[in-house]
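Asker: Mind having a look at this structure? Questions to follow.
Here, each number is a calculation from the coordinates, and none is a lab measurement. The structure presented is a predicted model; accordingly, all values stated were derived computationally and were not measured. Here Cβ is always computed from backbone atoms with ideal geometry, including for glycine, and neighbour counts include all displayed protein chains.
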Amino acid sequence: MSEISLSLNPVPPKVPRVKKKRKKPKPIAGLEDQAKANRRALIGSVIIGSIVVHVIALLLFGLWTVAKHFTRPEARFEMKKVVKIPPKTPEHKMNVAKHEAMAPKPTFNDKLISTRPVDFALPDLPQIDMDQMLPLDPSELISDQVNSLVGSAALGSGLGEGLSGGGGTGEGMSFFGVKAQGDRILLLFDVSSSVVNKAEKAGIPLERIQEETIKMIGTLPISSQFSLIQFTGNYMPFTEELIAATPGNKGLAQQWVGEKWVTSGTMSSASKSVVTNLTGVVGVLKRAAAMRPDVVFLISDASFQWRPDGGGGFKNVPYDEIKKAVDALGSEGGRKVPLHFVAFEPKPDDVKEWSRIVRSSGGEFRELKNE
């Protein structure tokens with residue numbers, strides 16, 4: 001029975017359990033959108049902040065740039081005075097040259113002698129005048145090169161003792177009785193018709209002035225420099241700059257005075273080497289200042305006219321303008337250049353004004369009269 005019962009009630013077999021996969025919870029859509037919005041807001045705020053910082057920096061830089069223009073100091077122009085010490089005249093070299101020129105020249109009596117016996121005897125050397133083989137005196141050699149030794153800037157304190165011209169005494173130089181000292185000499189001659197007539201009346205024609213000028217040029221020492229200018233309204237310089245008083249240059253100057261001297265009272269601007277000048281003696285003095293003289297001689301009748309604007313007629317030159325031109329003679333070196341005036345029959349008013357101007361420069365005013 002039991003067996004039958006057992007077979008009638010069989011035990012069902014165990015069925016294995018199938019594990020079900022757990023489904024992941026789906027994220028909530030609202031939270032994801034919120035996170036994305038937060039990130040976008042953060043990035044936007046960073047960009048906006050960077051832009052704001054750069055804008056503020058640019059504004060500050062612009063304000064600083066504008067403020068610099070308002071706070072910039074005013075421009076100041078300063079002119080510093082340059083002190084130039086002029087070189088001294090090479091007096092030592094000149095003294096040595098003078099001493100060597102006074103020394104007797106050596107004589108040579110040497111003969112060619114053989115120091116060992118030979119089969120033949122050499123003849124005696126012929127007698128040669130050795131003076132022809134020696135160079136010139138040192139003073140003459142230096143005179144040819146003194147321009148390079150002295151230079152255009154050489155300034156001295158005097159012409160040395162023993163120099164005289166036109167009746168000088170030997171102490172410094174003298175021209176028509178006016179004594180002066182200086183190494184850079186400039187002579188200004190007014191050869192207008194009024195001066196020619198007054199010089200004739202004073203008994204000193206222009207030919208006499210020519211002679212005195214030629215004599216004075218011949219007595220200039222080798223250490224000096226000089227030049228000459230003739231003028232009426234226009235002017236004619238002997239040289240553009242002062243030149244050394246070498247024998248050759250002095251000869252050229254004497255020839256120029258003898259051949260180019262104006263005696264007609266007029267000077268045409270069409271002539272060669274004549275400079276057109278409408279400012280009269282003021283223009284001549286400005287040209288003289290450019291030559292940087294130590295001493296200036298002016299020979300005239302003290303009456304000057306000009307036409308600075310180029311139109312109308314000639315009129316008297318204001319004495320204020322003449323005073324400025326005379327003071328400017330030494331303006332470059334900051335010193336006074338004496339102007340010595342030799343006048344032929346000047347008017348009393350001209351004498352008064354020119355005497356004041358000449359004295360202020362350290363010069364002398366001398367009136368030549370027929371005695």
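Asker: How much net charge surrounds residue 279 when only the other residues with a Cβ under 14 Å from the Cβ of residue 279 are counted, with Lys and Arg +1 and Asp and Glu -1?
Answerer: +2
Asker: Does the range 148-368 come out rounded, prolate or oblate by the C-alpha gyration tensor, with a ≥ b ≥ c the root eigenvalues, rounded set by a/c under 1.5 and, if not, prolate when a/b is larger than b/c and oblate if not?
Answerer: Here the range 148-368 falls in the rounded category.
Asker: Name the shape class, rounded, prolate or oblate, that the alpha-carbon gyration tensor gives for the range 236-357, where a ≥ b ≥ c are the square roots of its eigenvalues, rounded holds for a/c under 1.5, and otherwise prolate holds if a/b is larger than b/c and oblate otherwise.
Answerer: Taking the square roots of the gyration eigenvalues as a ≥ b ≥ c, the range 236-357 is oblate.
Asker: What percent antiparallel are the DSSP beta bridges of the range 148-368, to the nearest 5? Don't skip to the answer; put the middle values down first.
Answerer: Numbers: 12 of 33 bridges.
Of the beta bridges lying entirely in the range 148-368, close to 35 percent run antiparallel.
Asker: So, one more: Please state the relative contact order of the range 148-368 as a whole percent: Cα pairs under 8 Å, 6+ residues apart?
Answerer: Numbers: 431 pairs, mean separation 42.0, N = 221.
19 percent.
Asker: Additional query: State which entries of 250/323; 201/369; 347/369; 198/286; 84/336; 81/286 exceed 20 angstrom in Cα-Cα distance in the structure shown.
Answerer: Check vs 20 Å cut-off fails for 250/323; 198/286; 81/286.
Asker: Report the net charge of residues surrounding residue 46, where surrounding means a beta-carbon distance below 14 angstrom and charges are Lys +1, Arg +1, Asp -1, Glu -1.
Answerer: Around residue 46, the charge tally is +2.
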